[in-house]
């Protein structure tokens, strides 16, 4: 983590937070007006909130970070060819669409900047809760509480102190929708008996607050599902690794259409049993 945190949120992080805030406004407008559900080729649900939020994020990133390619979930699902190069954004405009449709509040908007396969900056916001985590290795982690129907205010963001100190993993963040036998076996094998359930990439925030120590996902995900959370954990001193712990997840794998293998996200200072 950065050793010297500035007194106000750095402009690049404020810009990412502002864009996530605006996307959250689009999402909440759809929720208030009525959700129309369609299904993509892989049978996963998609709503007009997903597409509207991604379109806004793509437009805003193109202005604020001109020339940096954007890889978005809905863009890839639509079959649009993407060559991200070495520096690009990964965007999941509405992670946890099932939670959104079900009326839960744990869906999120995720934006990450990737350089040479490593997520170096990211923001995760929970539009229904008006909560934001944004950060980078250079600037540390910042937390903001700001309703999506309020004007954006960079002053709403303050440095976030991630719980420090070595500790054994005892509590896992797990999914409402994607718990499986492999994950249950992994938890049992590492002596983890406590769990807190929530949806989407918001599970990464539980590792930043100390509410959970690990977040295992022993099934396929997509790079846009994990990149922002991974960036935040790296900024805090944690990591997102393959389940065997051999290496960190990396990003920009066009050859597998941005598909992730299973992973285990580990909070700073946590040791697996």
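The values are calculated or read from the model by the stated rules, or taken from the named source; none is laboratory data. Please read these numbers as outputs of a predicted model, since none were measured by experiment. Neighbour counts are summed over all protein chains in view; Cβ atoms, including those assigned to glycine, are modelled from backbone coordinates with ideal geometry.
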Task: Enumerated strands (runs of 3 or more DSSP E) restricted to region 1-98, each holding at least 1 residues that are assigned by TED's automatic domain parsing to the domain that holds residue 149 and under 20 Å from the mean Cα position of the chain (by Cα) - done: 45-47, 70-72, 87-95
Task: Pairs where the first residue, in region 232-261, is not assigned by TED's automatic domain parsing to the domain that holds residue 81 and the second is assigned to a helix (DSSP H, G or I) and surrounded by fewer than 22 Cβ atoms within 10 Å (Cβ to Cβ), C-beta under 8 Å, 6+ apart - done: 243/186; 257/76; 258/76
Task: Within region 99-109, tally of residues that are under 19 Å from the mean Cα position of the chain (by Cα), assigned to a helix (DSSP H, G or I) and without any contact (Cβ under 8 Å) to a residue 60 or more places away in the chain - done: 0
- [ ] Output yes when any residue across region 166-178 is out of contact with any strand residue (DSSP E or B) (no Cβ under 8 Å at 6 or more places or on another chain) and under 20 Å from residue 196 (Cα atoms), and no when none is.
- [x] yes
- [ ] Residue by residue through region 127-137, note down the ones that are at pLDDT 95 or above and over 16 Å from residue 108 (Cβ atoms).
- [x] 136
Open item on the list: Here's a check for you: in region 144-157, which residue that is without any contact (Cβ under 8 Å) to a residue 24 or more places away in the chain and in contact with a strand residue (DSSP E or B) (Cβ under 7 Å, 6 or more places away or on another chain) is farthest from residue 31 (Cα to Cα)?
Closed with: 156
- [ ] Looking at (1) closer than 26 Å to residue 256 by Cβ; (2) surrounded by fewer than 18 Cβ atoms within 10 Å (Cβ to Cβ); (3) touching a strand residue (DSSP E or B) at 6+ places or on another chain (Cβ under 7 Å), find the lone condition where residue 44 falls short.
- [x] (3)
Task: Complete set of residues in region 198-213 that are surrounded by 24 or more Cβ atoms within 10 Å (Cβ to Cβ) and farther than 15 Å from residue 97 by Cα - done: 204, 205, 207, 208, 212, 213
TODO: Please work out which residue is farthest from residue 106 (Cα to Cα), limiting yourself to region 150-188 and to residues that are modelled with pLDDT of 95 or more and surrounded by fewer than 16 Cβ atoms within 10 Å (Cβ to Cβ).
DONE: 155
